[in-house]
Amino acid sequence: MPAKAVVFEQIKKLMGWCPACKKMAQQTKQPCDFANVTPISGKTGNIPEFRTSNVIFPANSNLVFVLFYIGISLLLRYPKDITLFLAGVFLLNTCYYVLFLKTFEAAVLADRFGVHLQVFRLKNLKIPYEEIKSVASYKHEKRSKEMSILLGIGGVAICGFVVYMVVVEGEWKPLLLLGSLFPFLLLMERKQKTRLLDLNTQLYIKIRHKKWYEWTPYYSLITDEASAEELKSFIERHL
C-alpha cells in the first residue's frame, strides 16, 4: 500500500471514522409521513363573524328625541308648584341621561345566524339572512352650512322666546328648564365625540316583510367606511 494511502487511513482512524458508520446511518433512517391536515368543517370550527360598536342607529336618536319632547311638554304644562317642577326637571334629566347612555351600548354583530342589532330602539333585534332582501351603503352627508345656519337661527329664536316668557309673561319654568339642559347637552356631545369616530357611512338593510308598525322596510345604521364595507360584504356572502 502506498505511503500516502497508509497515512490517510491512519488519519481517518484518529478522527473516529468507521467503515460501518455509513451503513448503520442508512439503516437508522426511517420514512416520516406527515398527516394530511384537512380544513375544519364550518359546524365544528371557529365561525367567522363581524362585530363593531362604532355605530349609531338613527332610530335611537329619533326615539330619544320623542321621549324627551313629551317630557318637556308635560313639565311646561302641568306642574304649578316650584318644588314639583324642580323634581320633574331632575327626573327628566336623569331619565334622559340613562337613555342616552343606553344608546352608547349600540353594536352590530353578524354571524352565521343573521345580523344582530344591539340596543336598536333600546332593545336587541335579530334579522335572519332569509329576511334580508338587499343591503346598500352611502356616504353620510355631514351637516351643511345652510342647515347649521338654520339651526343657529332656531336656537336664537328659542332663547328669544324664553326671554319673552320670563320678562313679559313672568313665566319662570322655561328658563329653569333651558338652564338645566345646557350642561347636560354639552357633556353628552363631548362623550359622543370621544366614543364614536369617523361616522361617515350610512348602511341600509332592506327586509322582505315589513312589520305593521314599521314606517319603512329599512333598518339603517351609521358607522365608519371600513366597517360598513366589511359588514355589507359579510351580509352579501350569506344572501
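What the table below lists for this structure:
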{"item": "Boolean, ARG190 is at pLDDT 80 or above, open to solvent by 90 Å² or more (accessible area, probe 1.4 Å) and under 24 Å from PHE50 (Cβ atoms)", "result": "no"}
{"item": "Hits in segment 76-122 (condition: surrounded by fewer than 12 Cβ atoms within 10 Å (Cβ to Cβ) and of a type in the set (Val, Ile, Thr))", "result": "ILE82, THR83, THR94, VAL98"}
{"item": "Verdict on LEU109 being outside any helix (DSSP H, G or I) and in contact (Cβ under 8 Å) with a residue 60 or more places away in the chain", "result": "yes"}
{"item": "Residue match in segment 67-88 (condition: at pLDDT 85 or above and of a type in the set (Asp, Glu))", "result": "no"}
{"item": "Members of segment 68-105 that are within 20 Å of ARG121 (Cα to Cα), outside any helix (DSSP H, G or I) and free of Cβ contacts under 8 Å to residues at least 60 places away in the same chain", "result": "GLU105"}
{"item": "Selected residue [of a type in the set (A, V, I, L, M, F, W, C), touching a Pro at 6+ places or on another chain (Cβ under 9 Å) and open to solvent by 100 Å² or more (accessible area, probe 1.4 Å)] from PHE234, PHE161", "result": "PHE161"}
{"item": "Qualifying positions in segment 197-215 - open to solvent by 20 Å² or more (accessible area, probe 1.4 Å) and either under 17 Å from VAL64 (Cβ atoms) or out of contact with any Lys or Arg (no Cβ under 7 Å at 6 or more places or on another chain) (or both)", "result": "LEU197, ASP198, LEU199, GLN202, TYR204, HIS209, LYS210, LYS211, TRP212, TYR213, TRP215"}
{"item": "Verdict on LYS191 being closer than 29 Å to LEU101 by Cα, of a type in the set (D, E, K, R) and in a helix (DSSP H, G or I)", "result": "yes"}
{"item": "Selection within segment 38-63 - at pLDDT 85 or above, among the polar types (S, T, N, Q) and either exposed (fewer than 13 other Cβ atoms within 10 Å of the Cβ) or part of a loop (DSSP other than H, G, I, E, B) (or both)", "result": "SER53, ASN54, ASN62"}
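The values are calculated or read from the model by the stated rules, or taken from the named source; none is laboratory data. Quantities reported herein were computed from a predicted structural model and do not represent experimental measurements. Quick reminder, even Gly has a Cβ in these numbers, built from the backbone with ideal geometry, and neighbours come from all protein chains shown. Surface areas here come from the heavy atoms of the whole protein model, side chains and all, with no ligands, DNA or RNA. Shrake-Rupley method; radii C 1.70, N 1.55, O 1.52, S 1.80 Å.
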